[in-house]
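These notes are about the structure you will find just below.
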Amino acid sequence: MTGRRALAAGLSAALGVALLVAAAVVGGGDEEPPVASAPPPPAATSEPARVGPGRVLERSRPRPGDAPGTSGPSGGAPSAATGRRLPRQWPDFRPTALSLGAAAYGATAPVEPVSVVGRALELPADADRVGWWRGGARAGTPYGTVVVAGHLDTTTDPAGYLVALTALRPGDRVVLSAPRRRQAYEVVRNYLLPSADLSARSDLFEQRRPHRLLLVTCGGPYDRVRGRYLDNRVVEAVPVAAPR
């Protein structure tokens, strides 16, 4: 199995488990509903959401029975009490571009929606493009994991965009964006995970958790006999501000 196929297969195995709860979570992606689901996070009127070191963002969710549009992460509907349109508190969006900042010398990579097809996650063939898993969270939601993955290199491109992941350090900023939308994240972890362990780490792609971004590519030593990398590079990042 080549390194590219190994990454796709390892991700698809872990994502297959994570997909069982993806559709039940606030801010889930666009995959078809799973055959089983878990309940969403418990309802509450208001709670602080930590979105970065020393930063707290207040979010509100409706109580059961509240009129649609009176509160909650979506907003944008007329208030039953005033008739005025409320601001959308969580303008979630499908990312179309990824920026790794100075680590990538200011360059950005196009982001394509990808799905698990058969037993593999269909990542973009071009190593200068990355894939956003449709079954995970969208950017800007209060809950869930945004999964963005791509190839480290190809036979024709020795250094894809995600090579820059190796230069990211805790505290660095990365950005997901779309036309008129932007969500910044702060890197909290950057590590190598043995490729053999990736398929068992469905917890990395958990959707019942506060919002975060997960970046994944190949990494570590290259096994020329098997034609694959022995590890995966994983970067975890948390939102540093409300989306805009």
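The values are calculated or read from the model by the stated rules, or taken from the named source; none is laboratory data. Predicted, not measured: the structure shown is a model, and the values here were computed from it. A quick note on method: Cβ atoms are made from the backbone with ideal geometry, for glycine too, and the neighbour counts reach across all protein chains shown.
Specify which of the listed residues (Val175, Val225, Val238, Val234) is among the aliphatic types (A, V, I, L, M) and farther than 20 Å from Arg134 by Cα. Break it down into steps so the answer makes sense when it comes.
Values: Val175 fails: farther than 20 Å from Arg134 by Cα; Val238 fails: farther than 20 Å from Arg134 by Cα; Val234 fails: farther than 20 Å from Arg134 by Cα.
Every option except Val225 fails the conditions.
Looking for something surrounded by 17 or more Cβ atoms within 10 Å (Cβ to Cβ) and either at pLDDT 60 or above or within 20 Å of the chain's Cα centre (by Cα) (or both) - is there at least one such residue anywhere in segment 61-71?
First, pick out the residues of segment 61-71 that are surrounded by 17 or more Cβ atoms within 10 Å (Cβ to Cβ): 61-62, 70-71.
Next, from what is left, pick out any that are either at pLDDT 60 or above or within 20 Å of the chain's Cα centre (by Cα) (or both): none.
Within segment 61-71, not a single residue is surrounded by 17 or more Cβ atoms within 10 Å (Cβ to Cβ) and either at pLDDT 60 or above or within 20 Å of the chain's Cα centre (by Cα) (or both).
Look through Leu100, Leu162 and report the one residue that is surrounded by 24 or more Cβ atoms within 10 Å (Cβ to Cβ), at pLDDT 95 or above and closer than 20 Å to Arg180 by Cα.
Leu100
Every residue, every condition in (1) among the small types (Gly, Ala, Ser); (2) touching a Leu at 6+ places or on another chain (Cβ under 9 Å); (3) free of Cβ contacts under 8 Å to residues at least 24 places away in the same chain; (4) at positive phi, yes or no:
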site	(1), (2), (3), (4)
Val174	no, yes, no, no
Ser177	yes, yes, no, no
Tyr191	no, no, no, no
Leu204	no, yes, no, no
Val216	no, yes, no, no
